[in-house]
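Novice: Let me begin by handing over the structure; questions about it come next.
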Amino acid sequence: MTGLGCLLAGLLGFGAGWQALVCGFTGLACLSLVLILQPALRNWAETLTTGFVIATALPLTPDVAASAGLVTGWLVHQLAYGRVAEHFGFHFRTLSEQRATIEGPARAIWAAIIPGEAHPEDVKSCALVDFDRDKDDPDTFYLRLETGDTLLEEMTLTHLERNRYERARFLIERDSDRGEQTYYTLVLEDTGEGATHAHLAMELSNASLGNALLHWFDDDLTFSLRAVQRAFRANPKGVPA
């Protein structure tokens, strides 16, 4: 989106020519640096890109459009990721799903995907550091995950349905999400050939526009299942059984 958006901004600002190509490649280069050096700021990519497209579509000179693009991008960011949308009661529901065939038994894959079902080092679907089980509710776990910086993210996992090694449905809640709820459904099917079909679905409800965008751009389900696939492919005997 960043590359195409910056290319479009270049076309609107300079017309068809080498300047538009430079804008597109510059946008990709800047985003690459952000992803390497400050990945937490990646959500500025789509908002600034949108701001530049809007600004260059207006009858402004290129130098004025550049400044206007920054201001417009900041406004778009506040609308998407700030609290403006929440004040107006804008909430969203998204549903995504992903399938994969993983080389390993369902029992081991179950433990590698669902946090709290095995030792934290055996969980490959997320960066789980440790967890605690609720003393009064065996279906509730308190998780701590790495976030890419010096802080840990805390969340609560509550099992709503659990048929071990076949099907699970659980709820993830974060204190920082202000009422957002994330439901995961995992279905495992043994292929009979030493592999397992995994179907993972995620339903995001009561989400802000920013969080809905982040989940779509990050593609969490694909990332999680591919991480599990790589782990089993690299060391099939080193996973829990």
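Novice: Read through the list (1) assigned to a helix (DSSP H, G or I); (2) at pLDDT 85 or above; (3) open to solvent by 80 Å² or more (accessible area, probe 1.4 Å), then give the number of the only condition that E97 fails.
Specialist: Of the numbered conditions (1) assigned to a helix (DSSP H, G or I); (2) at pLDDT 85 or above; (3) open to solvent by 80 Å² or more (accessible area, probe 1.4 Å), the odd one out for E97 is (1).
Novice: Right, here's the next one. Can you report the number of residues in segment 118-150 which are outside any strand (DSSP E or B), under 16 Å from A227 (Cβ atoms) and not hydroxyl-bearing (S, T, Y)?
Specialist: 9
Novice: Restricting attention to segment 48-66, does a residue exist that is charged (D, E, K, R) and buried (at least 17 other Cβ atoms within 10 Å of the Cβ)?
Specialist: First pass over segment 48-66, keeping only residues charged (D, E, K, R): 63.
From what's left, buried (at least 17 other Cβ atoms within 10 Å of the Cβ): none.
No; the residues of segment 48-66 include none that is charged (D, E, K, R) and buried (at least 17 other Cβ atoms within 10 Å of the Cβ).
Novice: Another question, if that's okay. Restricting to segment 11-41, what's the tally of residues that are of a type in the set (G, A, S) and surrounded by 14 or more Cβ atoms within 10 Å (Cβ to Cβ)?
Specialist: Looking only at that region, the number is 4.
Residues checked against (1) in contact with a strand residue (DSSP E or B) (Cβ under 7 Å, 6 or more places away or on another chain); (2) part of a helix (DSSP H, G or I); (3) of a type in the set (A, V, I, L, M); (4) in contact (Cβ under 8 Å) with a residue 60 or more places away in the chain:
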{"site": "G5", "(1), (2), (3), (4)": "no, yes, no, no"}
{"site": "A16", "(1), (2), (3), (4)": "no, no, yes, no"}
{"site": "A45", "(1), (2), (3), (4)": "no, yes, yes, no"}
{"site": "T72", "(1), (2), (3), (4)": "no, yes, no, no"}
{"site": "R93", "(1), (2), (3), (4)": "yes, no, no, yes"}
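Novice: Something else: Sort through V76, V84 and tell me the only one that's in contact with a Gly (Cβ under 7 Å, 6 or more places away or on another chain), among the aliphatic types (A, V, I, L, M) and at pLDDT below 85.
Specialist: That would be V76, the only listed residue that is in contact with a Gly (Cβ under 7 Å, 6 or more places away or on another chain), among the aliphatic types (A, V, I, L, M) and at pLDDT below 85.
Novice: Based on this model, can you work out whether D177 counts as charged (D, E, K, R), surrounded by fewer than 17 Cβ atoms within 10 Å (Cβ to Cβ) and either within 15 Å of the chain's Cα centre (by Cα) or modelled with pLDDT under 80 (or both)?
Specialist: For D177, the condition - charged (D, E, K, R), surrounded by fewer than 17 Cβ atoms within 10 Å (Cβ to Cβ) and either within 15 Å of the chain's Cα centre (by Cα) or modelled with pLDDT under 80 (or both) - is met.
Novice: Further question: Within segment 194-231, which residues are open to solvent by 40 Å² or more (accessible area, probe 1.4 Å) and closer than 18 Å to W110 by Cβ?
Specialist: Once the filter is applied, which keeps residues that are open to solvent by 40 Å² or more (accessible area, probe 1.4 Å) and closer than 18 Å to W110 by Cβ, segment 194-231 yields G194, H197, H199, R226, Q229, R230.
Novice: Does any residue in segment 18-33 that is more than 17 Å from G51 (Cβ to Cβ) come within less than 8 Å, Cβ to Cβ, of a residue that is open to solvent by 70 Å² or more (accessible area, probe 1.4 Å) and in a helix (DSSP H, G or I) six or more places away or on a different chain, and which pairs are these?
Specialist: What qualifies is A20/L11; A20/F14.
The values are calculated or read from the model by the stated rules, or taken from the named source; none is laboratory data. Source: prediction; values computed, not measured. With ideal geometry, Cβ positions are generated from the backbone for all residues, glycine too; neighbour counts draw on all protein chains shown. Only protein heavy atoms, including side chains, enter the accessible area calculation; ligands, DNA and RNA are left aside. Shrake-Rupley method; radii C 1.70, N 1.55, O 1.52, S 1.80 Å.
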